[in-house]
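The values are calculated or read from the model by the stated rules, or taken from the named source; none is laboratory data. These numbers come from a predicted model, not from an experiment. Cβ placement follows ideal geometry from the backbone for every residue including glycine, while neighbour counts extend to all protein chains displayed. Please note that ligands, DNA and RNA were not included when accessible areas were found on the heavy atoms of the full protein model with its side chains. Shrake-Rupley method; radii C 1.70, N 1.55, O 1.52, S 1.80 Å.
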Amino acid sequence: MAEIVLDKVTKKYPDGALAVQEVDIEIADGEFIILVGPSGCGKSTTLNMIAGLEDITTGELRIGGERVNERAPKDRDIAMVFQSYALYPHMTVRENMAFPLRLAKVDNATVEKKVNDAADILDLGQHLDRKPSNLSGGQRQRVAMGRAIVRSPKAFLMDEPLSNLDAKLRVQMRTSVSRLQKQLGTTMVYVTHDQTEAMTLGDRVVVMRGGAVQQIGAPQYLYDHPANLFVAGFIGSPSMNFVPAGLEDGVLRSPLGDVPLTDRIRRMVEAADAPREVIVGIRPEHFEDSKLVEEHQRGGGHTFTSNVDVLESMGSDKFAYFTLSGEQATSAELAELAADSGTAEAGSGGGVPIVTRISAASGAREGEQAEIWFNADKVQLFDPATGRNLTYSEE
Amino acid sequence: MSQTTTEKSGAAVKAVEPKKKVVLSEGKRAERKLGWLLCAPAAFIMLAVTAWPIIYSVYLSLQRYDLKFPDRQEFVGLDNYVTVLSSPYWWNAVWVTVVMTVVSVVIELVLGMALALIMHRTLVGRGIVRTSTLIPYGIVTVVAAFSWRYAWTPGTGYLAELMGGDPVLTEKIPALAVVILAEVWKTTPFMALLLMAGLALVPDDLLKAAALDGASGWQRFTKVILPLMKPAILVALLFRTLDAFRIFDNLFVLTGGSQGTSSVSMLTYNNLIKGLNLGIGSTMSVLIFIAVAIIAFIFIKLFGTAAPGSDDGGKR
Ligand SMILES: Nc1ncnc2c1ncn2[C@@H]1O[C@H](COP(=O)(O)OP(=O)(O)O)[C@@H](O)[C@H]1O
Ligand SMILES: [Mg+2]
C-alpha cells in the first residue's frame, strides 16, 4: 500500500494529441479515488500512466514517495481491472487468478491458498475450473477483480470496470466494489464516466474535462460547492437547472422572474467581481410546490407560475418538468455537457427547461398551471464566459 | 384438462424415443433437400476433377503398365507397391523430402513469426514494410529458382564466388541446403502473412494485463500470444507442410534431382513422365497422396483442441 502522487503530469500522444495536461493529484494511502468526466477527457490515459502502460511526457509520478516514471508496469506492483476484463481465454478461472502469482514464482501451496481465498471473497468457488468464455459478464468481472486482489498490490486501478454490465448488475457490483475496497483497505483509483458511480463510490472525486482537472473533492462537497459550471452540470442527477440572467443592482432578471439576491449571495457576488450577464444554477430539490411551503419560509424564496409539462411520481417525491419562455443559457461548458449526455438536440426546442423535485404531497397536475417556490439562498451564479462559480466559497 | 395434455405428450415422447431419430418438420425437410440440390453441381465437379483421377491412379498403380512396352500391361496386384517400397531410391527420396520439409518449415516458422511481429509493431511506413516483405512470395518460383542457380554457379554467380568458387550444387548436402534456403527465402513471407493475421486477433488489453501481472516481454509472448495464436500457427504449418512435402520446382531447376537430391515428387515425375512407367509412377503418386492425407489428418486432429477458451476441447 502506498500513496500515489501525480505532479504536473502531462501526456502528449505521438500524433500530437494533448490528452492530459498538468494534472496534480495526491492520492492518500488507502484512499478510494474516482476519476470522472465525459468520454475522451483523458481518464484512461491518466490511469495508464499510473500503471506504466503509457509514458509520461512531462511531470512526475511518485508511488510511495519514489519516482516511478521510468519503471516498467511489472515493477510498479499495481493491479488493474480493464473494461474488457482482459481475461486470458486459454486459462481456467483458477489459472487466470493464479497467473500473477505464478509469474512471481510463489510456491504452489501459497498460490492455492490465495486463489481460494480470493474466490471465497468474490463468490467464485464453484467456477474455478471453467473457462472465461463460459461465464456470465458479472462472473468475468469478478474473475478480473480476483486476479487483481490475489497478489495484494500497492494499489488497484480500475478502468470503467462495470460499464459492460447491465444496469441492475452494475448497481449490485457497485456495492461489492465499495465493500471490497473497505475490506482490503488498498489504495484504489477508479475511472468512470458515470456520475452516479462517482458520487456513491469514492472518498474523493476528481472531475476532468479535456485533459485538465476541474475540481477535486468529496462527492458531497462537489455537489454543494462546484467550482465551475462544468462540475455543477456534471455532478447530480437530474442535473442542475441553468437559467440565463441579467444582474442589476442586486436583482437577477431571468425567466424565473426578478429575484433579489440574498445578503449572503450579494456579498459573494460583489467579492467575485461578477459580470452583468450571468447563469443562474438551481438544483431540482431546491424547488417546492409553493402551497406546501410554510409561511415563515416563503420570504426567503421566490415563486413563479408555469404549466407542468410532465409530472413523474417517484413515490417518495415527484419530478415536475416546466418550460419557461426565454433563451436557454449558453456556454462552452454547457454545450459540452449536452453533447456528452446526448441531449444537445433534444433541449434546443426553444424555452428554458426546468426540472424540479417537489414533495409527493403536491397536488400539481400534468398540463395544468402550478405555482413553484424556490429557495433564493440556494442559487449559484456562474460567469458564462469562463464558467467560474461566482458564489463559490471554500468552507 | 392438464392431465390429458400430459398424457398426450407422454405418449408422443414414447412414440419418438425408441427410434432416437430427429423428427424434422415438413419445412425443414424441404430446406434440407434444397440444400443438397444446391450442393450437387459443385459436388459433381469435385468428383470429376479430384475423385476420378485419384481412383484412376489407384487403378493404374495395380497394373504393370509401361508405355515403352504397352502390350505387356497386366494386373499385378500390389507388386508395384512392393517394388517401390523396397527400392533404396524411393526411401532416399522420402528422407530427402522429410528432412527438407521439417527443416524449411521450422526455419520459416521462426523467421515468419519474427517478421510478423515486426510487421505488426511497425507504426511508420507500415505499407512499405509489408509490401517489401512480400516481394519474394510474388516472384514466380521457377524464375527465382533460376536466379538462385546462376547465383550459385561458379564463374557466373556472386554467391558461388563468395563461398570460394566451390560448385555447391553438385554435392548432396550443400545442394539440399541451397534448396532449403531458396524455399525459405520464397515462402517465409507467406508464413509471416498468415501469422500476422493471427497476431491481430490477440487483444491489446490482454497484453497490457499480462504486463501488469508481471510478465516480461518473452513471457507475454510464450504465455499469452502463442496460446492465442495456436489456431493461426496450425493453419500456417498445415499449408506450408503440405506445400513443402510436394516440393518440386526449386529442386527441378537447382539440382534436377542429381546426387540423390530427388524428392518424392521429383522421383514420381521421373518415373511417370520421363520414364513413361505409368504403373510405378502411379504407385508413387498414391503413396504421396496417402502421406499428405496423414499429415492433414494430424493437423486437423490438433485443430480440435486448438481453439482457446473452450471447456470442451473446441467442439462447440
Ligand atoms: N493511442 C492514442 N493515440 C492518440 N491519441 C489518443 C490515444 N489514446 C487516446 N487518445 C486521445 O486522448 C484523449 C483522451 O483519451 P482517453 O484517455 O482514452 O479518454 P477517456 O478514457 O477519458 O475516455 C482522447 O481525445 C483520445 O482521442
Ligand atoms: Mg477510457
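Things to note:
- Residue-level accessible surface for A:Thr110, protein heavy atoms, 1.4 Å, Å²: 50 Å²
- Each of B:Val292 and B:Leu123 was given a label point 7 Å from its Cα along the Cα-to-Cβ line. The distance between the two points is 4.6 nm.
- Ranked from largest to smallest solvent-accessible area, with a 1.4 Å probe on the protein heavy atoms, A:Val243, B:Val98 come out as B:Val98, A:Val243.
- For segment B:154-198 and segment A:269-335, distance of Cα centres in Å: 82 Å
- Taken one residue at a time, the phi angles of segment A:296-306 give Karplus couplings (6.51, -1.76, 1.60, θ = phi - 60°) of 6, 7, 4, x, x, x, 8, 10, 9, 10, 7 Hz. Gly and Pro are set to x.
- Percent of beta bridges antiparallel (DSSP, chain A, rounded to nearest 5): 75 percent
- Largest mean-square fluctuation among B:Arg29, B:Arg130, B:Arg72, in a Gaussian network model of chain B whose springs join Cα atoms under 10 Å apart, belongs to B:Arg29.
- Taking a point 7 Å from the Cα of A:Ala212 along the Cα-to-Cβ direction, the residues of segment A:364-395 with backbone N closer than 14 Å to it are A:385-389.
- Among beta bridges identified by DSSP and lying wholly in the protein assembly as shown, the antiparallel ones come to about 75 percent.
- Rounded to the nearest whole Hz, the Karplus-based 3J(HN,Hα) values (6.51 cos²θ - 1.76 cosθ + 1.60, θ = phi - 60°) of segment A:137-153 follow the sequence x, x, 5, 4, 4, 5, 5, 4, 5, x, 4, 6, 7, 4, 9, 6, x, with x at glycine and proline.
- Relative contact order of chain A, defined on C-alpha pairs under 8 angstrom at six or more residues apart (%): 16 percent
- Taking every DSSP bridge with both residues inside segment A:4-229, close to 50 percent are antiparallel.
- Taking all protein chains together, A:Arg170, A:Arg151 sort by accessible area into A:Arg170, A:Arg151, largest first [probe 1.4 Å].
- Residue by residue along A:124-134, Cβ atoms of other protein chains within 10 Å of the local Cβ number 2 on average.
- Legend: mean number of C-beta atoms from other chains within 10 angstrom of residue C-beta atoms, peptide B:199-207, equals 3.
- Gain upon complete extension [A:Gln126, A:Glu22; 0.36 nm per residue less C-alpha separation]: 32.8 nm
- Förster radius 45 Å - calculated FRET efficiency between B:Tyr150 and B:Ile55, Cβ distance, rounded to 0.05: 0.60
- Rounded FRET efficiency, nearest 0.05, which uses the C-beta distance separating A:Arg102 from A:Thr196 and R0 of 35 Å: 0.40
- Accessible-area order (highest first, 1.4 angstrom probe) of the listed residues A:Arg142, B:Arg64: B:Arg64, A:Arg142
- Within segment A:240-382, the ratio Rg/Rh, alpha carbon atoms throughout and Rh by Kirkwood, equals 0.96.
- When chain B is treated as a GNM with alpha-carbon contacts under 10 Å, the residue of B:Gly77, B:Gly260, B:Gly279 showing the greatest mean-square fluctuation is B:Gly77.
- Neighbourhood net charge (10 Å Cβ-Cβ; Lys/Arg +1, Asp/Glu -1) for B:Asn277: +2
- Solvent-accessible surface (1.4 Å probe) assigned to A:Asp249 amounts to roughly 150 Å².
- Put a dot 7 Å past the Cα of A:Ser163, heading toward its Cβ, do the same for A:Ala360, and the two dots end up 3.5 nm apart.
- Projecting the Cα atoms of B:Ile298, B:Leu267, B:Thr255 onto the dipole axis of chain B, where Lys and Arg carry +1 and Asp and Glu carry -1 at the beta carbon, places B:Ile298 farthest toward the positive end.
- Farthest positive-ward along the protein assembly as shown dipole, Cα basis, beta-carbon charges - from B:Leu207, A:Ala385, B:Leu34: B:Leu34
- Apolar share of the accessible surface for segment A:104-188: 48 percent from carbon plus sulfur atoms, 1.4 Å probe.
- Greater than 25 Å apart at Cα, pairs in B:Lys186/B:Lys208; A:Lys291/A:Lys378; A:Lys43/A:Lys131; A:Lys105/A:Lys154: B:Lys186/B:Lys208; A:Lys43/A:Lys131
- Test item: Cα-centred dipole of segment A:4-229, Lys/Arg +1 and Asp/Glu -1 on Cβ, debye: 600 debye
- Here r is the Cβ-Cβ distance between B:Arg32 and A:Ala339 and R0 is 41 Å; the resulting FRET efficiency, rounded to 0.05, is 0.20.
- Computed with every protein chain present, the accessible area of B:Tyr137 is close to 90 Å² [probe 1.4 Å].
- Most tightly packed first, judged by the mean number of other beta-carbon atoms within 10 Å of their residues, the peptides B:237-244, A:47-54 read A:47-54, B:237-244.
- Nitroxide proxy distance, nm - points 7 Å out along Cα→Cβ at B:Met46 and B:Phe248: 2.3 nm
- Segment A:315-395: trypsin sites (Lys or Arg not before Pro) in DSSP coil with no more than 15 other Cβ atoms inside 10 Å: A:Arg365
- Dipole in debye (nearest 20) - the protein assembly as shown, about Cα centre, beta carbon charges: Lys, Arg +1; Asp, Glu -1: 4000 debye
- Long-range Cα-Cα pairs in segment A:1-83 (distance over 19 Å), rounded percent: 33 percent
- Taking amide H as placed 1.01 Å from N in the peptide plane, A:Gly351 has its amide H under 5 Å from the amide H of A:Gly326, A:Gln328, each at least 5 places away in sequence or on another chain.
- Backbone N within segment A:54-83 under 11 Å of label point (7 Å from A:Asp29 Cα along the Cβ vector): A:64-65
- Alpha-carbon radius of gyration plus Dmax, which is the widest Cα pair, for chain A in Å: 24.4, 77
- Cα gyration tensor, the protein assembly as shown - rounded (a/c under 1.5), prolate or oblate: prolate
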